[in-house]
There are 2 protein chains.
Amino acid sequence: MTHNEKLELLKQWEWKTSAYSMVLAVLSYDKMTVAPAAGAEFRDERAAYLSGEVFDLSVDPKIIALLKDLLEDPETDAETKRKCECYYHDAMKIVSVPKEEYVAYSNLNNASYNAWYKARMENDYAPFEPYLKQMIESARKLVSYRHSEKTTYDELLNDYQPGMDIEKFDKFFDDVEKRLVPLIKKVVAAKPVDTSFLTQNYDVDKQRAFMKRLVKYLHYDEDWCYLGETEHPFTVTICANDSRTTTRYIPDNVSSAPLSTIHEVGHAYYGHQVDPKYDGNILGAGMSSGIHESQSRLLENYLGRSLPFWKPIYPVLQELFPEQLGKVTAEQFVDAINASSPSLIRTEADELTYPIHVMIRYKLEKGLFNGTISTEGLDKTWNEMYEKYLGVSAKTANEGILQDVHWADGLFGYFPTYALGSAFSAQFYAKMREQIDVDRLMEEDRFNEITDWLKENVHRYGNRYDAEDVLELATGERFNSEYYFRYLEDKYTKLYHLK
Amino acid sequence: MTHNEKLELLKQWEWKTSAYSMVLAVLSYDKMTVAPAAGAEFRDERAAYLSGEVFDLSVDPKIIALLKDLLEDPETDAETKRKCECYYHDAMKIVSVPKEEYVAYSNLNNASYNAWYKARMENDYAPFEPYLKQMIESARKLVSYRHSEKTTYDELLNDYQPGMDIEKFDKFFDDVEKRLVPLIKKVVAAKPVDTSFLTQNYDVDKQRAFMKRLVKYLHYDEDWCYLGETEHPFTVTICANDSRTTTRYIPDNVSSAPLSTIHEVGHAYYGHQVDPKYDGNILGAGMSSGIHESQSRLLENYLGRSLPFWKPIYPVLQELFPEQLGKVTAEQFVDAINASSPSLIRTEADELTYPIHVMIRYKLEKGLFNGTISTEGLDKTWNEMYEKYLGVSAKTANEGILQDVHWADGLFGYFPTYALGSAFSAQFYAKMREQIDVDRLMEEDRFNEITDWLKENVHRYGNRYDAEDVLELATGERFNSEYYFRYLEDKYTKLYHLK
């Protein structure tokens, strides 16, 4: 076979795979937004069948041979080589898994999601527990087929953040614990920032009206991105011109929906701004979760919680809610949305306590996989950890263990990337501020020039490079968590007038 | 192969096919509701590829042999026989079409939809015309592979309404012309019914609030049916427990959204109430368009425009809009939503003029396929017909030729089933009134007992029987259009005090 024939074969295979991946992504979005619950079984069984087709495509011996061949072929260019490495690596993860088991896992995954959904309706952990247990066992079983020398949890951590493992995350979270837990204690003891005006009654239709203005300010265009509503906001990217984001409005919280949307728009921009030549292949979709999260958090926290961000748009909010915000200055508003206070819900947590929520989940996952923690009574273990690190304890399952969909969805090892992403953002943000006048661009309603910088320095690469390589390309430096801790220390020392 | 082995093979093939059909249905719903337009090309190309997979499955020689075999097998039960006949018939329609052509058609179909969508944005027929021309040529080409002795349009009519052809539709529409055009003229000359209050300013959010109450009244449960919003309302059924319906709110029209929704809910109930044992096979999804439309029109017109329907729910509407409707009685409101007046938009047309809109489209389609009418200048031909039969003429393309998506979507031969459906409903409705006290059930908020009657007598059969067989099972009589014409004549003679 000539080199070009090999490339043609790869292309055909990628095309097929991308067709299945596309429909599975749309099905997933559909399920989480509009699909009627009573039809779940019918759809899920068929989706599992299609996942099985993807499985077959991924581990097709002819393809594995082709990938090996291309990896050894001296004519193979660097980009193709990267693709082949990624595909090969992914195939090796599952090649020894019997297909029935893979499809059964996909079915279990759907059942587990449905059980979590129902458990949340009932606000009761008990009916979900057996599914969680099975999901963990299945994850362990699936990973066992890799015949890796690493532990299951090491493998899972590496899946979402290539290059990371327990040792490295332990180090990172040790720093989180050492540097942030004492800082949080100081903040708790300090004079609180006034946030009372944020949680008055804010008419949801007016919140929706503000959202329209906000997404315009973000230069977020419905031509390439749909904004829906779900209980648990998320973003799905189908291709360079198709991202879907959801938001959630809380009637007595004016900042939740905007900040959550700014976060999701960060994800959506990343998906949208990947070089379109990577559409439909692994370089356009296989980005590490940490880098993905760094983009959402950069928008949400580093930009979306800053005074220059709100200057042009805060008057719109004031006009919609004159009673609640008429006498609140932009400065007071921004201080309030940066206020820190230990709380129960991760997605509503402030920037400073957020990594603690993640650290707790990391410790729990690690324990669940090394056998020191059990799914039975996990709601209690959860509360003990919250009590220990944040001094708060959930009164209901929905406020505690049931708050996140991730475990129900089999995403073990995913949470830690959230905290890592925040740390990555700090490094990107520092470099961005060196190169463009971020504050002025926001004040002048030129947010698109900020996302252009991100496109040029981060987004367009997609999965062309590993996380640390992207960091180095964009900032000239490998990952350095100092940026993150210093940023938080500076910010909260100032906000709370700490010594 | 034993009989049971044959059945098992059929089952496996049906399962695969149903997985692809399910995702194609979800993709279609997604495209028409939330999918960002800029991603259409990427998605559409892949959807076309998946359609190609369905094509391969449908014409697989092994399956065609199996179907023949089962049809000849004396052990085959009646239900399986019906399935095999339907599958075989569908396969014969496309078996000789080269796959490339089938996939190319699917791509053209998507491009044509996108062109129509854009043309509507520009309110200009010209950019859509070349696509319409190509769609007609492609339809003709695809049908030519059937090597049928019938004309292309006869074949297409039979596709959507098995058993129907030009001769039969000519006869039906001749009656429509003879009996309804003179009646419409009399109505035009009569003292008009007051409808002015229907088209005042009706806040859309309040309309949404009424919709919530209305769907509850219809016992329409979001557990099995999602209600979205689109410019052009439609319904998709995925399986017995998953229907999706859309609606559209018009700020200066209070009756459009409710009546359109009642219509779509009629479709959704039909899809939902098919015997679940037919889920995922052709008996659960291949119902004739005429019977489908009869169910939506039965709800919309025969029930949804009646006084007993509105008695329990009209006060809710009055309460939401006291200024506009406070002094309008339920009787006046119901008279107004039944008022007839020649107009331009089919989906907004009243019950009496509606079949004329369809007749015009039928005549145009017939002409387009027999070569007496051209796509060039079709907007003018359209207007001439409207002028001739209804005395009105579109001023813009969106009010005229661009108003319907059907042709853009390749649905030639589909329109006539709309009028036929209305006629079918009259026959079902007459029998229903004999057997249950329809008016009382509505007045007592027991709409579910009406849909139960429909489930028992119509819905549960799905595609188990042909349209006329279902009519006979439910009403004891083959199709008889007298019910329809008499119903309209009686109703409008009374409403307009005609002699």
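Every number in this text was worked out from the coordinates using simple rules, so none of it is lab data. Note that the coordinates shown come from a computational prediction; the quantities given were computed from them, not determined experimentally. Cβ atoms come from the backbone with ideal geometry, glycine included; neighbour counts cover every protein chain shown.
Rounded to two decimals, the Cα radius of gyration of segment B:434-495 over 2.2 N^0.38 Å is 1.34.
Does segment B:88-147 come out rounded, prolate or oblate by the C-alpha gyration tensor, with a ≥ b ≥ c the root eigenvalues, rounded set by a/c under 1.5 and, if not, prolate when a/b is larger than b/c and oblate if not? It comes out prolate by the Cα gyration axes. In straight-distance terms, cross-link reach from B:LYS185 covers every one of the aspartates and glutamates whose alpha-carbon lies under 20 Å from its own, apart from those fewer than eight places away in the same chain; here that gives B:ASP174, B:ASP175, B:GLU177, B:ASP194, B:ASP335, B:GLU348, B:ASP350, B:GLU351, B:GLU384, B:GLU387, B:GLU489, B:ASP490. Residue separation of B:SER393 and B:THR329 scaled by 0.36 nm, minus their Cα-Cα distance, works out to 19.7 nm of gained length. Only aspartates and glutamates eight or more places from A:LYS150 in sequence, or on another chain, were considered; those with a Cα closer than 14 Å are A:ASP159, A:ASP165, A:GLU167. Angle of helix A:61-72 to the longest C-alpha principal axis of chain A, folded into 0 to 90 degrees and rounded to 10: 80°. With a Förster radius of 51 Å applied to the beta-carbon distance between A:ARG446 and A:TYR145, the computed FRET efficiency rounds to 0.50.
Between rounded, prolate and oblate, where does segment B:166-495 land on the alpha carbon gyration tensor, with a ≥ b ≥ c its root eigenvalues, rounded for a/c under 1.5, else prolate if a/b exceeds b/c? Rounded shape, in that the Cα axes give a/c under 1.5.
Among residues other than A:LEU57 with Cβ under 10 Å from its Cβ, the summed charge is -3 (Lys and Arg +1, Asp and Glu -1).
Suppose the chain between B:ASP205 and B:GLU222 were pulled fully straight at 0.36 nm per residue; how much longer would it get relative to their current alpha carbon spacing?
Here the answer is 4.2 nm.
Exposure proxy shown here: for A:LEU183, B:LEU299, A:LEU71, the number of other Cβ atoms within 10 Å sets the order, fewest to most, as A:LEU71, A:LEU183, B:LEU299. The mean sequence distance of close C-alpha pairs (under 8 Å, at least 6 residues apart), as a share of the length of chain B, puts its relative contact order at 19 percent. One equal scatterer on each Cα of the protein assembly as shown, no solvent, Debye formula: the resulting log10 I(q)/I(0) at q = 0.07, 0.08 Å⁻¹ is -0.69, -0.90. Pairs of Cα atoms nearer than 8 Å and 6+ residues apart set the relative contact order; for segment B:98-200 it is 14 percent.
Structure note, pairs A:LYS212/A:LYS455; A:LYS186/A:LYS395; A:LYS16/B:LYS133; A:LYS99/A:LYS380; B:LYS191/B:LYS388; A:LYS31/A:LYS380: Cα-Cα distances above 28 angstrom occur for A:LYS16/B:LYS133; A:LYS99/A:LYS380; A:LYS31/A:LYS380.
What is the sum of charges, Lys and Arg at +1 and Asp and Glu at -1, for the other residues whose Cβ falls under 11 Å from the Cβ of B:GLU449?
Result for the neighbourhood of B:GLU449: -2.
Each residue, B:ARG179 and B:LYS494, gets one label point 7 Å from its Cα in the Cβ direction; the gap between the two is 1.7 nm. Bridging of B:LYS206 to aspartates and glutamates at a Cα separation below 17 Å is possible for A:ASP203, A:ASP205, B:GLU229, B:ASP252, B:GLU319, B:GLU323, once same-chain residues fewer than 8 apart are set aside. For chain B, the mean residue ellipticity at 222 nm estimated from helices alone is -19500 deg cm²/dmol, where every DSSP H run of n ≥ 4 contributes -39500 (n - 2.57) and the total is divided by all residues, rounded to the nearest 500.
Rounded to the nearest 0.05, what FRET efficiency is calculated for A:HIS232 and A:LYS191 with R0 set to 41 Å and r the Cβ-Cβ distance?
0.75
Among residues other than B:HIS263 with Cβ under 11 Å from its Cβ, the summed charge is -1 (Lys and Arg +1, Asp and Glu -1). Apply the a/c threshold of 1.5 to the C-alpha gyration tensor of segment A:174-298 and tell me whether it is rounded, prolate or oblate. It comes out oblate by the Cα gyration axes.
Phi angles across segment B:139-153 convert, under the Karplus curve 6.51 cos²θ - 1.76 cosθ + 1.60 with θ = phi - 60°, into 3J(HN,Hα) values of 4, 4, 4, 4, 5, 4, 5, 6, 6, 8, 7, 7, 6, 4, 5 Hz, Gly and Pro given as x.
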